[in-house]
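Here is the structure we will look at, set down as structure tokens.
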Amino acid sequence: MISRRIIRIKVLQVLYAFYSTPDKSINNTEKELFFSIQKTYDLYHYLLDLVIEISKHAESVIELRKKKHFPTAEDLNPNNRFIRNQLIAQLQTNESLNKYLAQSKLSWVNESDLIRKLYAELIASDFYKSYMEAADDSYQADRKFVEQLIAEIILQSEDVDSILEEQSIYWNDDLDFVVSMILKTLKKFKEYTREDQALLPMFKDEEDRQFSKDLYRKVVLNHDELKGVITKHTVNWDVDRIAFIDELILEMAIAEFLYFPSIPTKVTLNEYIELSKYYSTKKSRNFINGILDKALKALKAEEKVRKAGRGLIGEDDNKPS
């Protein structure tokens, strides 16, 4: 499922586009936001399919070697452990995955060179050699191998990164996050898992879907008020010279302080400081951290931050002393 961190990143990207283009249609940009989130969910299925395609390629290599004019004993009696990996076999027959791939028309059919290159990198790796030679033939060993294939071959591949970037501008920043979704998915698979095993949903629940829409709209509709809060706490700064991406990060965080009563302020602070690590300079991160800290204390003193609901234990810790 798309985490709230990914949702915040998608909202940030869409806000940047909204303020950078002549088209100021909130509805159109909101559609763009949900399309962007859908593309992340596409990538989740697409990379699961990449694991299957590498396995299929390995099987085709084995079959070709058997058909050589003078096959060796190894060619005729290959080590089939990889191509009979139990977890990959479950992915191949998974109904949810196959249905989604068919409906979205996602396929690696035109990327045979990439599949060959990834397979070559895989069989040259130490963990592949250890797996193929190990006495442990358990389901757990098969799952660990697939996790290593994803984390150490696919995630680290510059070619995968490049191809994904060529195929969709929406995938530029998604690979790390989607791999974490996939690894979480694999942990749900067991030796007895059947074809109807569910994959992760796009959103955890309807509340997360609504959060996506509300966060975007709250920032756009309250832009002047949010910018006013920033201006108030940047007395020694020329607000117009603050990097625009930093200003948007600040506006989003302050919007969460003010308009999202169920989100603890500590969560908001941590999330936007973490987000700034990806989209701001080190100097900007320190600036964002300082402004948010001052703004939160002032807003609490003015009793504008009202939090209620579960998970808000310790919220008083952020009250100004």
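The values are calculated or read from the model by the stated rules, or taken from the named source; none is laboratory data. All values reported here derive from a predicted model rather than from experimental measurement. Every residue, glycine among them, receives a Cβ derived from its backbone with ideal geometry; neighbour counts consider all protein chains shown. Surface areas here come from the heavy atoms of the whole protein model, side chains and all, with no ligands, DNA or RNA. Shrake-Rupley method; radii C 1.70, N 1.55, O 1.52, S 1.80 Å.
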What is the dipole size for region 12-120, taken about its Cα centre, with +1 at each Lys and Arg Cβ and -1 at each Asp and Glu Cβ, in debye to the nearest 20? 340 debye
Over all directions, average the projected area of the Cα convex hull of region 175-246 and note it in nm². 7.9 nm²
Given the options ASP142, ASP205, ASP159, which has the most mean-square fluctuation in a GNM of the chain, springs set between C-alpha atoms less than 10 angstrom apart? ASP205
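With Cβ to Cβ distances under 13 Å as the rule, what net charge do the other residues near MET132 carry (K, R +1; D, E -1)? Mind showing how you got there, number by number?
Details: positive: ARG81, ARG84, LYS129; negative: GLU74, ASP126, GLU133, ASP136, ASP137, ASP142.
Taking every other residue near MET132 into account, the sum is -3.
Ordering LYS307, LYS266, LYS144 by how much accessible area each has at a 1.4 Å probe, largest first, what is the list?
Details: LYS307 40, LYS266 95, LYS144 120 Å².
Ranked list, largest accessible area first: LYS144, LYS266, LYS307.
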With only helices counted (DSSP H, runs n ≥ 4, each -39500 (n - 2.57)), the per-residue ellipticity at 222 nm for the chain, to the nearest 500, works out to -21000 deg cm²/dmol
Applying the Karplus parametrisation 6.51 cos²θ - 1.76 cosθ + 1.60 with θ = phi - 60° to the phi angles of region 75-88, what ³J(HN,Hα) value in whole Hz is obtained for each residue in order, glycine and proline being reported as x? 4, 7, 10, x, 7, 9, 4, 4, 6, 10, 4, 5, 5, 5
Compute the Kirkwood hydrodynamic radius of region 11-129, taking the inverse of the mean of 1/r over all pairs of distinct Cα atoms, and give it in Å to one decimal. 17.5 Å
Computed over region 1-160, the relative contact order (Cα-Cα under 8 Å, seq sep at least six) in percent reads 24 percent
Computed accessible area, ASP49, all protein chains, 1.4 angstrom probe, square angstrom: 20 Å²
Once Lys and Arg are counted +1 and Asp and Glu -1 for all other residues with Cβ under 10 Å from that of VAL220, the total becomes +1
Once normalised by the length of region 155-292, the mean sequence separation of its alpha carbon contacts under 8 Å that are 6 or more apart gives a contact order in percent of 17 percent
